[in-house]
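So the structure is just underneath, and the comments pick up after that.
Just so it is clear, none of the values below were taken in a lab; they were calculated from the coordinates. Just so it is clear, the structure is predicted and the values come from calculations on it, not from any experiment. With ideal geometry, Cβ positions are generated from the backbone for all residues, glycine too; neighbour counts draw on all protein chains shown.
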Amino acid sequence: MKSICADLVLQRLTPEAGAALNRQLYDCLRGAILDGSLPPSSALPASRDLARETGMSRNTVLHAYAQLQAEGYVHSRVGSGTFVAETTPESQLSAERGRPRTADTGAPGAVRLAKRAQALVADASAAPQQWGAFMPGVPDVTQFPHRTFGRILSRLWRAPTPELLTYSHGGGHPALRAAIAEHLRVARAVRCDADQVLVTEGVHQAIDLSLRMLVDPQDTVWVEEPGYWGFHKVLQMSAARVLPLRVGPSSSSSSDGQAEGPGSGWPRSSTPPRLIFVTPSHQYPLGSVMSLARRRELLDLARASGGWIVEDDYDSEFRFAGRPIPAMQGLEADSPVIYIGTFSKTLFPGLRVGYMVLPRALAGHFRTAHADLYREGHAITQLALAELIEQGHYAAHIRRMRVLYARRRTLLAGLITEHLGPGYLHPQASNAGLHLVLRLPEGSDDVAIAKAAQARGVLTRPLSRYYRRGGAQRGLLLGFACVEEAQIEPAFRVLLACIRGQ
Ligand SMILES: Cc1ncc(COP(=O)(O)O)c(C=O)c1O
């Protein structure tokens, strides 16, 4: 059997032309140390063994080990081998600089964070600025029917019962759970009743709960590559072995219709995944749709191995052309799918309300754990939200936003095609969601372009940052939903100047 380290190398290393192999191996091992896949104090295989297991020359491995050692990522003990260092250079550096992210409370270096927390804060992803062209993933919060919601809330606040003001229990207010179940059955073809619905404080909490409930240290999980940074952040805090489920051109059924071989693109791992994180209806960030064949393959695999698929259906209400893509959860009765959704995209992110639809076998356990771990509350908000949905305001708001966002998307896509050419629109993207991907030529520095744009008031996210391993595509995620039509062209011109280096 191969060592974990060799497994990681074989998974992550996608040899890049022009780069020395020992450098690529070094990058790969360093990445695994930083994201916790190779935890502190763990032993690396002997260079001879790793060379044999990966098919590289021993010299290549020795060079990579020597570089890691010189930089403080590993140390070797004569006679016993090479070990991952307790503290990475990154964590030492950020502690020494006293960066507020690392040590908010004291003198530089005074705070000793847990190893995983060090890695988390050293590479923080949440953007401090959330509103403005072209912030990806943000809906037009100015359109939220706040008066209607306010009226419902103020009526409830006039005479709140003690149950609305004490800790809640049971996975969310029953009225909201029922309203969510009804909405999902109709709008997303999810097979569920209210007992399976668990209200969370958003997708991140739902992922966190799934990991805590179903994954033990060193269990394997698969996550899409490229994929949502939030998955990685929460995963980083677990001791799971994270393997990339590559999203290639063939995962899109909508754009190229290529046939997919069974199991193609699956991670090679010696143990089956406990959880598989996917965004089948609208891949994040590329925007492709997972084919039916692929969905069935994943369902079969999860059933056969006793694992679970975590389906993040974060923005599927917004599909602007063609028929809606039903959720993967509803494809089969009693599917091994934990379905996750959020009101962050349909209403507003600050609401912090999301939901899970759990397989029956899991629902009771998750409810109990949710109440014990996080203590539930926000019952008045949940009841008001239930009324908003029951009275039809929610569905009406989505319908209105769909028209608005479709216009904004068309406008932005048209500007990209007109000024840069059709090749700059990502070919896998389907006509849906709240953002599109502006593809940049290979080798472009999308991080630098995003920084330059931000300095001039235009917010984007570089596509390469969504890749944890090598082989990143370059591009920019552009949110169109939160930009008024009149603002789209001026903001795009600023972005264009940054892309052209002006
Ligand atoms: C793919 C994906 N899932 C989930 C979320 C966040 O959901 P929530 O606000 O409910 O945590 C986002 C937010 O951008 C997202 O892009």
Sorted peptide list for 414-422, 3-11, criterion being average Cβ within 10 angstrom, highest first: 3-11, 414-422
Nearest 5 percent is fine: what portion of the DSSP beta bridges confined to the stretch 146-391 is antiparallel? 35
Most exposed to least, judged by fewest other Cβ atoms within 10 Å, Ser154, Ser168, Ser42 sort to Ser154, Ser42, Ser168
Reachable lysines from Lys451, criterion Cα separation under 29 angstrom, eight or more residues apart if same chain: Lys115, Lys233, Lys345
Jot down the radius of gyration and Dmax of the stretch 343-449, Cα atoms only, both in angstrom. 20.1, 55
Within the chain, helix-based [θ] at 222 nm, where runs of 4 or more DSSP H residues each add -39,500 (n - 2.57), nearest 500: -12500 deg cm²/dmol
Cα gyration tensor of the chain diagonalised, 5x eigenvalues square-rooted, in angstrom largest first, produces semi-axes 38, 28, 24
Could you line up Phe480, Phe231, Phe83 from fewest to most neighbouring Cβ atoms inside 10 Å? Phe83, Phe231, Phe480
In whole percent, what relative contact order does the stretch 273-318 give with Cα contacts below 8 Å and a gap of six or more residues? 54
List every residue whose amide H lies under 5 Å from the amide H of Arg246, counting only residues 5 or more places away in sequence or on a different chain, with H placed 1.01 Å from N in the peptide plane. Glu225
Taking Cα pairs closer than 8 Å and at least 6 residues apart, the relative contact order of the chain in percent is 18
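Per the Kirkwood definition applied to all pairs of different Cα atoms, how many angstroms is the hydrodynamic radius of the stretch 413-502?
The answer is 13.3 Å.
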So if I take the alpha carbon set of the stretch 146-391, get Rg, then get Rh from the Kirkwood formula, what is the Rg over Rh ratio? 0.98
What spacing in nm lies between the two simple spin-label points modelled at Asn59 and His419, each 7 Å away from Cα in the Cβ direction? 5.0
What ranking of His282, His365 emerges when the number of other C-beta atoms within 10 Å of each C-beta is taken as an exposure proxy, fewest first? His365, His282
